[in-house]
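Contents: one structure, followed by commentary.
The values are calculated or read from the model by the stated rules, or taken from the named source; none is laboratory data. These numbers come from a predicted model, not from an experiment. Positions of Cβ are generated from backbone atoms using ideal geometry, with glycine treated the same way; all protein chains shown enter the neighbour counts.
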Amino acid sequence: MTQHMTTSTELKSSPSVLTQAIARMTDVLGADAVLLDERQVKEFHDPYEGADAGDYQPSFVVQPSTVEEIQAVVRIANELQIQLWTSSTGRNYGYGGSAPVVNGSVVLSLRRMNKILEINEAAGYALLEPGVSFFDLYNEIKARGLKLWISVPDLGWGSIVGNTLDHGYGYTVNGDHASAVCGMEVVLASGEVVRTGLGAISNSPMWQRHKRGFGPSLDSLFMQSNFGIVSKMGVWLMPEPEVFTTGAIICHNDEDIAPLIDALRPLVLDGTIQGLPLITSSPEPADGRANPMEDTAGMSKAAKLSATLPPGRWHARIAFYGHEAIVEARRRIVTDAVAHLPGVTVDLRSYRGDVSPEDVHPLDLVPAGIPNMFLLDMMKKHMGENVGHIDFSPAIPFDGESAAKHELMVRTILEEAGLVAGFGWIANTRSLVGACMVFFDVNNPAEAAAAHAAVELMCQKAAEWGWSEYRAHPSLIGHVAKNFDFNDHALNRLYTSLKDALDPAGTLSPGNHGIWPSPAKKS
């Protein structure tokens, strides 16, 4: 029989138990590390929720600054049978920020654990705590004058550890962030600390140099899960290239998407195009495309959206890194490979590897490994200060037919709902990961509800084709998890077995990615 996948989101702890938790955690962490004021706790809600939202709310927030303090908090939570929801910096806005699945959970925020513990230039790695942002690591590398690059997502304010644990992406050669992990330190639900891989050997010089140890490799077990709290993580970095070339292949007609995708696929698969390309869809608004620098007040939603997007109906951002002669050869190969596309424009710019951020075109900052906030600035400039979004991000086959079908489905649902979205794909070697930010006014409850309903419908349509989101807002986790139905949801049963073994009380982030202990499934 199929196991019941609970949708219960209510914390069972009584007010008196929470009062005990506050007192004991304050005693351990200090009063400044336990946030109780409504205005302080508000920052750890879904950042785009309405004022009257009742679900996915934390009761209070604790912010440990050491591994030992994490252990103490976990042990108190176990003793009092309260639930913790772990958050690194909580900047994952389109997916709910720090909002917990179980209403009333205590948010365990790791923002204060923001030390860069090691950077090894020769071996190309860093060892980080969860509170280290992309800006933090980039600035430290520059301050030390190291010849290393980091991989950054579209917005640089978030946690490197948090983004990576949620399978986040950047765009340079280490753009698949989960694949660049090498070694973790993890606090288990029991309060015990373990180190994965060769970190399990005390004082090993190999912890961040070699991904596998002796026996099973466990790093992936602690990504997109609730089996432990990652307190340290090793990440591989990229040597600073001699030069890099980046820019876009631009096509102008609706029907160009399938030929463009099919032309790019072999170039990504064989490594001619390096890093992870981003292919953006930008439909032509009825009232015309707007310039990013112009005042779009009074224009349609579609025109405002066009001002936040790069030029062209289809805009495929690509990049090459390394020695100048090799980069130039890659550029020629790609230019020749797309020359057959009707009306194609290839717009590329080249830089030295040590270029200063102020000398880089804004659209080139991310493929240059330079953290920035350009996308958010453009969103607020044209969509308004109250712009919010909920994201729909499925993994689909890397082929033109699938991309065209995906984009048509999204556009149809958005048009019927009267909504707009920033939409495109991050290209892996064999798959495309959709990146669809459905925009709404956070002060307009009807529009917010329409956005959530639209994304839920997109999830349903994607599931009919065997596609799944690679991460999801808390309100959509149950919808996504139920689609993994092979052999009567055998994978989810395995997750439950692991949860029962490691955290039978469900203390750590219950419901995260649909993972619950057995008692919760029976409730």
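Worth pointing out:
- Test for residue 204: is it touching a residue at least 60 places away in the same chain (Cβ under 8 Å), surrounded by fewer than 21 Cβ atoms within 10 Å (Cβ to Cβ) and among the small types (Gly, Ala, Ser): no
- For residue 147, the conditions (1) surrounded by fewer than 20 Cβ atoms within 10 Å (Cβ to Cβ); (2) out of contact with any Asp or Glu (no Cβ under 6 Å at 6 or more places or on another chain) all hold with the exception of (2).
- Residue, surrounded by the most Cβ atoms within 10 Å (Cβ to Cβ), within segment 101-122, restricted to residues that are among the basic types (Lys, Arg) and over 24 Å from residue 374 (Cβ atoms): 112
- Hey, residue 125 at pLDDT 95 or above, touching a Gly at 6+ places or on another chain (Cβ under 7 Å), within 27 Å of residue 372 (Cα to Cα) and surrounded by fewer than 22 Cβ atoms within 10 Å (Cβ to Cβ) or not: yes
- Considering only residues in segment 72-117 that are within 16 Å of residue 230 (Cβ to Cβ) and out of contact with any Pro (no Cβ under 9 Å at 6 or more places or on another chain), the one that is modelled with the lowest pLDDT turns out to be 92.
- Residue in segment 207-218 that is in contact with a Cys (Cβ under 8 Å, 6 or more places away or on another chain) and among the charged types (D, E, K, R) present: yes
- Going through (1) outside any strand (DSSP E or B); (2) modelled with pLDDT of 95 or more one by one, residue 231 falls short only on (1).
- Spans of strands (runs of 3 or more DSSP E) in segment 347-434 with at least 3 residues surrounded by 21 or more Cβ atoms within 10 Å (Cβ to Cβ) and at pLDDT 95 or above: 387-392, 421-427
- Residue among 386, 428 that is in contact with an Asp or Glu (Cβ under 6 Å, 6 or more places away or on another chain) and polar (S, T, N, Q): 386
- Residue within segment 126-142 that is touching a residue at least 60 places away in the same chain (Cβ under 8 Å), on the phi < 0 side of the Ramachandran plot and basic (Lys, Arg) present: no
The rows are residues; the columns are (1) of a type in the set (Val, Ile, Thr); (2) buried (at least 21 other Cβ atoms within 10 Å of the Cβ); (3) modelled with pLDDT under 95.
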| position | (1), (2), (3) |
| --- | --- |
| 161 | yes, yes, no |
| 169 | no, yes, no |
| 175 | no, yes, no |
| 180 | no, yes, no |
| 183 | no, yes, no |
| 194 | yes, no, no |
| 197 | no, yes, no |
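- Residue identified as farther than 20 Å from residue 365 by Cα and under 18 Å from the mean Cα position of the chain (by Cα) among 200, 189, 178: 178
- Residues of segment 478-494 that are assigned to a helix (DSSP H, G or I) and either surrounded by fewer than 18 Cβ atoms within 10 Å (Cβ to Cβ) or in the same structural domain as residue 193 (by TED's automatic domain parsing) (or both): 478, 486, 487, 488, 490, 491, 493, 494.
- Failed item in (1) at pLDDT below 95; (2) surrounded by fewer than 17 Cβ atoms within 10 Å (Cβ to Cβ); (3) hydroxyl-bearing (Ser, Thr, Tyr), with residue 56 passing the rest: (2)
- Any chance residue 140 is acidic (Asp, Glu) and in a strand (DSSP E or B): no
- Any hit, segment 456-468, residues being in the same structural domain as residue 101 (by TED's automatic domain parsing), part of a loop (DSSP other than H, G, I, E, B) and not aliphatic (A, V, I, L, M): no
- Subset tally (residues that are in a helix (DSSP H, G or I) and within 26 Å of residue 195 (Cα to Cα)) for segment 143-167: 6
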